Structures are given as structure tokens and as C-alpha cells.
Amino acid sequence: MTDSATIKPPFWFWPTTIIALVWNAMGAMQYVGQAYMTDSFKAQYTAEELEIFTNLPAWYTAAFAFAVWGGVLGCIGLLLRRKWAKIAFLISLIGIIVQMLHNLFISDSSITYGPAVITMTIMIPFIGVLLLLLSKKAIAKGWIS
């Protein structure tokens, strides 16, 4: 029987994982800017938008942290070919779901930000699910161990 560590992933696995890492790193940069209200972050938004960020509950910020850092760790896990990537992506997806529930049902961010927030509200969980499925497939195919 072939050792799972010797089964090479297909070529597309590597660029997909690197693109996913960049995507999650951008989310992590957004998190850091938002959590610490950096000058570069504040320069991107109006006073009304910054007011929304300032008044976000702590549990939302925590969910944001789990979402982005789970995604970053999951991608690193895939690049290192480790099974724990799946757990990291699951944690990330839970954080994403909590965030999106807040965005859809608690806040009025869609009124403030317009249709762009709706696109991201759909795209972010979709990518989170795809990354979780990728990690499950990689485990099943023996690409990661």
C-alpha cells in the first residue's frame, strides 16, 4: 500500500492553495486594520462607515478573527500537506457563518455599504465551503496526511 505522504497532489492544488492563502491573508489584513483601527484602514471609509465598525460587538470581532486566521492556518496546512487544515477551515467557516448572520440579520450594513456587501456576503461563505471541501478531498485522496 502506498504511503499517503507520497501521493502527490495534482498540479492545480498548489496554485489554488496559494491563491486561497492570498485571499485569506487579505482578510487577515482587513481584520487587523479593523480591530486596531489603523490609519490606513480609517482612510478607506467614511465617518458613517467607521461608526459601524466602532460599534461592532466583541463577539463579531472574535468571529472575524476565527474566520480569517482559521483560513490562513488552513491554507498553510494545505501547503504543508497536513490533515489539520480541515479543522482550521471548519473553524474558519463557523466564524464566517457567525459574521454573515450578523451582517444579514442584526446590522444595517447593506444600507450603508450598498450592493457590494451583498456580493461579499455570498462570496465569502462560498469560498469558505469550497476550501473545507478541498481539504476533505485532499485527505480522501491522500494528498495530505
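The values are calculated or read from the model by the stated rules, or taken from the named source; none is laboratory data. As the structure is a computational prediction, the values presented were derived from the model and not from experiment. Reconstructed Cβ throughout: ideal geometry from the backbone, glycine too, with neighbour counts over all protein chains shown.
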| Top-ranked residue in segment 38-61 [being of a type in the set (Phe, Trp, Tyr) and within 21 Å of the chain's Cα centre (by Cα); ranked as surrounded by the fewest Cβ atoms within 10 Å (Cβ to Cβ)] | Trp59
| query | If you check Ser135 against the conditions, is it among the polar types (S, T, N, Q), touching a helix residue (DSSP H, G or I) at 6+ places or on another chain (Cβ under 7 Å) and either loosely packed, with under 15 Cβ neighbours inside 10 Å or part of a loop (DSSP other than H, G, I, E, B) (or both)? | reply | no
| query | Which residue pairs have Cβ atoms closer than 6 Å, lie 6 or more positions apart in sequence or on different chains, and pair a first residue in segment 110-129 that is more than 21 Å from Glu48 (Cα to Cα) and at pLDDT below 85 with a second residue that is of a type in the set (A, V, I, L, M, F, W, C) and exposed (fewer than 11 other Cβ atoms within 10 Å of the Cβ)? | reply | none
| task | Considering only segment 27-95, give the helices (runs of 4 or more DSSP H) lying wholly within it that have at least 3 residues that are over 27 Å from Phe11 (Cβ atoms) and modelled with pLDDT of 95 or more. | result | 58-79
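Condition test on Leu21, is it hydrophobic (A, V, I, L, M, F, W, C), surrounded by 14 or more Cβ atoms within 10 Å (Cβ to Cβ), in contact with a Cys (Cβ under 6 Å, 6 or more places away or on another chain) and over 21 Å from Leu101 (Cα atoms)?
yes
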| Cross-chain or 6+ apart pairs with Cβ under 8 Å, segment 75-86 first and touching a residue at least 12 places away in the same chain (Cβ under 8 Å) and more than 20 Å from Ala28 (Cα to Cα), then part of a loop (DSSP other than H, G, I, E, B) and of a type outside the set (A, V, I, L, M, F, W, C) | Arg81/Pro9; Arg81/Ser145; Arg82/Ser145; Lys83/Ser145
| task | Look at segment 54-88 and say how many of its residues are over 12 Å from Ser135 (Cβ atoms) and in contact with a Phe, Trp or Tyr (Cβ under 7 Å, 6 or more places away or on another chain). | result | 3
